[in-house]
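A quick write-up on the structure given underneath.
The values are calculated or read from the model by the stated rules, or taken from the named source; none is laboratory data. Computed from a predicted model, the values in this text were never measured in an experiment. Positions of Cβ are generated from backbone atoms using ideal geometry, with glycine treated the same way; all protein chains shown enter the neighbour counts. The accessibility values were calculated without ligands, DNA or RNA, using every heavy atom of the protein model including side chains. Shrake-Rupley method; radii C 1.70, N 1.55, O 1.52, S 1.80 Å.
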Amino acid sequence: MAESMKGLKRTHRCGELSAANVGEIVTVMGWVQKQRNKGGIIFVDMRDRAGILQVIFEESDCGSENFEKASTLRSEFVIAVVGKVEKRSGAVNENLSTGEIEIRATEVRILSEAETPPFPIEADSKTKEELRLKYRYLDLRRPDLQNNLILRSKISTTIRSYMAEEGFLEIETPILQKSTPEGARDYLVPSRVHPGSFYALPQSPQLFKQLLMCSGYDRYFQIAKCFRDEDLRADRQPEFTQVDLEMSFVDVDDVIATTEGMVAKVCKEAIGHEVQLPIPRMTWQEAMDRFGSDKPDTRFGMELVDVSKVVAGCGFGVFTGALENGGSVRGINVKGQAEMPRKKIDALVDFAKGYGAKGLAYLCVMPDGTYKSSFAKFMTEEELKTLVTAMDGCPGDLLLFAADKLKIVWSVLGALRCELAKQLEMIDPEAFNFLWVTEFPLLEWSDEEERFVAMHHPFTMPMDEDLALLDTDPGKVRAKAYDIVLNGVELGGGSVRIFQDDVQEKMFEVLGFTKEQAWDRFGFLLSAFKYGVPPHAGLAIGLDRFVMLLVKAENIREVIAFPKVKDASCLMTNAPDVVDDKQLEELYLQIVKEQEA
């Protein structure tokens with residue numbers, strides 16, 4: 001039967017006690033991790049968010065009633081213990097922060113009993129994630145998950161402190177807003193008051209933070225909740241949190257410098273890591289050419305090499321055919337792997353096909369200097385030698401090649417180098433490699449819509465020297481856009497915004513919007529721009545991803561209290577779920593069952 005706390009007040013959390021408290025009478029409260037009854041003495045490990053503490057019960061200290069209660073304790077019972085802090089009588093437990101001490105109990109109260117949990121509450125759980133997420137309230141008791149969320153809280157506090165010191169104002173923007181579909185799908189919210197009309201949940205505070213610049217607030221930030229109705233991955237959720245900022249009277253370097261200061265402070269205070277500033281920068285073009293990715297992992301080499309000119313005119317039709325169709329031939333050098341088993345090479349070919357490749361050509365430079373290759377018979381000895389030289393090939397190296405449209409070649413080799421680095425354990429797990437990727441293309445062609453679409457959003461400023469190309473060659477226009485990357489993961493990004501009417505009108509024209517369409521979607525922003533708009537720029541960093549990388553979690557769900565799974569559902573609450581007809585009627589909605597074909 002549950003007992004009252006009346007008369008008791010917690011003096012310490014379990015993990016806060018140390019040898020400095022020896023001799024003190026304390027009151028601790030928490031959950032039973034485990035109980036061990038050794039006959040005349042009972043050992044109980046107590047747990048709360050601060051750590052685990054050993055409590056010992058002997059009848060001579062706590063009396064028969066308390067000793068009897070201690071003998072009934074089971075895993076996850078909630079208890080309060082009064083006792084004296086002593087040096088541990090047995091061996092020191094080096095794995096616990098409280099390993100030098102124990103509590104000699106004089107009183108115990110059972111505040112709440114518990115059923116046997118469906119899985120052990122322990123760090124590094126081997127329980128299937130589906131079961132843990134169904135009972136997330138139990139999963140959240142695990143020490144490693146608690147440490148993640150405690151660190152996340154500390155990071156948010158650090159960010160707020162830094163931004164305040166830098167003169168930023170924390171201002172909240174609306175969650176219910178107008179749908180402006182020019183990116184991922186919106187989550188829509190039907191209006192009861194305005195039948196047939198819908199709000200959208202924000203994909204980002206983009207338009208509102210630009211309006212705040214128009215309103216003279218100069219430096220804005222927000223730790224903002226955002227929503228995107230898109231397919232999920234290990235580092236993506238339908239609802240996520242971003243550190244959002246916007247600044248007036250600035251250019252690229254100002255935003256980058258402010259962001260670097262924030263990142264450095266977070267890393268220092270959260271995990272004790274010193275970020276070397278300034279963070280290196282690389283243009284989008286260089287990143288794609290060297291790494292096949294606009295979010296390159298620079299913790300290892302294995303960079304792409306363009307051998308298009310080397311193989312032009314050779315006898316291998318796969319290479320020459322790709323070049324004749326305007327494509328490219330590029331390769332990577334996997335050092336010391338010439339004797340990789342054929343079965344593993346075939347697996348790499350299948351991996352490449354998953355990224356759009358028709359195949360993957362390979363050339364092994366054997367330790368004795370001979371070649372073993374999937375295409376050697378189509379090329380002369382001299383051509384092969386020239387190719388190996390171009391790839392910096394040495395005896396013992398495995399050379400892998402992709403030949404196709406440039407986008408496919410980049411995608412295939414960019415993914416392949418990362419996969420091989422994991423397989424061959426080339427990545428330093430302690431490294432934190434930050435990188436800025438700059439000068440992104442302003443636009444990309446959409447075959448589906450048969451028009452240019454904005455790579456970031458329609459308010460991104462073109463590079464000054466590329467403005468004239470908007471009329472003549474829009475695909476070559478570079479943007480004043482920048483992403484910050486950590487260990488091959490995009491942490492966030494931003495851009496300088498368009499603030500001149502003529503440039504914004506030209507941008508909408510290139511995107512295929514009529515003036516009426518532009519005003520229908522973004523009229524409130526365009527109207528604000530008529531009343532004096534300062535030059536402004538901003539950025540957003542994914543807080544969930546940042547924390548995930550800092551704690552070295554396998555996926556983003558390990559740093560979010562109540563995450564969704566891959567189909568955007570919550571296994572604990574069973575959301576999304578059906579609602580009753582009355583709720584639908586109030587929203588003027590009707591569910592129409594799909595008819596069978």
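Just one of the listed residues (92, 85, 28) is assigned to a loop (DSSP other than H, G, I, E, B) and of a type in the set (Val, Ile, Thr), and it is 92. Quick one: is residue 419 modelled with pLDDT under 95, open to solvent by 20 Å² or more (accessible area, probe 1.4 Å) and among the charged types (D, E, K, R)? No; evaluated as a whole, the condition is false for this residue.
Taking the criterion of being within 20 Å of residue 412 (Cα to Cα) and either out of contact with any Phe, Trp or Tyr (no Cβ under 8 Å at 6 or more places or on another chain) or of a type in the set (D, E, K, R) (or both), no residue of the range 361-386 qualifies. Residues in the range 2-19 that are buried (at least 16 other Cβ atoms within 10 Å of the Cβ) and in contact (Cβ under 8 Å) with a residue 60 or more places away in the chain: 8, 14, 15, 17. Residue pairs whose Cβ atoms lie under 6 Å apart, sitting 6 or more positions apart in sequence or on different chains, and linking a residue in the range 359-387 that is closer than 16 Å to residue 305 by Cβ to a partner that is open to solvent by 70 Å² or more (accessible area, probe 1.4 Å) and outside any helix (DSSP H, G or I), are 365/395. I'd like to check something: does the range 229-238 contain any residue that is under 23 Å from the mean Cα position of the chain (by Cα), under 22 Å from residue 279 (Cβ atoms), modelled with pLDDT of 95 or more and surrounded by 15 or more Cβ atoms within 10 Å (Cβ to Cβ)? Scanning the range 229-238 turns up no residue that is under 23 Å from the mean Cα position of the chain (by Cα), under 22 Å from residue 279 (Cβ atoms), modelled with pLDDT of 95 or more and surrounded by 15 or more Cβ atoms within 10 Å (Cβ to Cβ). Do we find a residue being open to solvent by less than 30 Å² (accessible area, probe 1.4 Å), modelled with pLDDT under 95 and not in a loop (DSSP other than H, G, I, E, B) anywhere in the range 494-504? Checking the range 494-504: at least one residue is open to solvent by less than 30 Å² (accessible area, probe 1.4 Å), modelled with pLDDT under 95 and not in a loop (DSSP other than H, G, I, E, B).
Is it the case, given these coordinates, that residue 293 is within 21 Å of residue 480 (Cα to Cα), buried (at least 17 other Cβ atoms within 10 Å of the Cβ), out of contact with any strand residue (DSSP E or B) (no Cβ under 7 Å at 6 or more places or on another chain) and touching a residue at least 24 places away in the same chain (Cβ under 8 Å)? In short, yes. Meeting the requirement of 3 or more residues that are more than 30 Å from residue 249 (Cβ to Cβ), the helices (runs of 4 or more DSSP H) wholly within the range 119-214 are 129-134, 136-139, 143-165.
When the range 99-116 is filtered for residues that are open to solvent by less than 40 Å² (accessible area, probe 1.4 Å), assigned to a loop (DSSP other than H, G, I, E, B) and at pLDDT 95 or above, only 114 remains.
Among the residues that make up the range 188-209, is at least one of them in contact with a helix residue (DSSP H, G or I) (Cβ under 6 Å, 6 or more places away or on another chain), touching a residue at least 24 places away in the same chain (Cβ under 8 Å) and either surrounded by fewer than 19 Cβ atoms within 10 Å (Cβ to Cβ) or among the hydrophobic types (A, V, I, L, M, F, W, C) (or both)? Yes, because at least one residue in the range 188-209 is in contact with a helix residue (DSSP H, G or I) (Cβ under 6 Å, 6 or more places away or on another chain), touching a residue at least 24 places away in the same chain (Cβ under 8 Å) and either surrounded by fewer than 19 Cβ atoms within 10 Å (Cβ to Cβ) or among the hydrophobic types (A, V, I, L, M, F, W, C) (or both).
Just one of the listed residues (74, 36) is under 40 Å from the mean Cα position of the chain (by Cα) and exposed (fewer than 15 other Cβ atoms within 10 Å of the Cβ), namely 74. Residue 582 satisfies every condition listed in (1) open to solvent by 20 Å² or more (accessible area, probe 1.4 Å); (2) under 26 Å from residue 237 (Cβ atoms); (3) of a type outside the set (A, V, I, L, M) except (2). Within the range 268-280, residues that are closer than 17 Å to residue 161 by Cβ reach partners that are surrounded by fewer than 11 Cβ atoms within 10 Å (Cβ to Cβ) and charged (D, E, K, R) with beta carbons closer than 9 Å, at six or more positions or on different chains, in the pairs 268/274.
Restricted to the range 332-360, and to residues there that are within 14 Å of residue 408 (Cβ to Cβ) and charged (D, E, K, R), the residue that is most open to solvent (accessible area, probe 1.4 Å) is 358. Any residue at all in the range 419-437 that is among the β-branched types (Val, Ile, Thr), in contact (Cβ under 8 Å) with a residue 40 or more places away in the chain and not in a loop (DSSP other than H, G, I, E, B)? Scanning the range 419-437 turns up at least one residue that is among the β-branched types (Val, Ile, Thr), in contact (Cβ under 8 Å) with a residue 40 or more places away in the chain and not in a loop (DSSP other than H, G, I, E, B).
Reported count of residues in the range 15-42, each being among the polar types (S, T, N, Q) and more than 25 Å from residue 3 (Cα to Cα), is 2.
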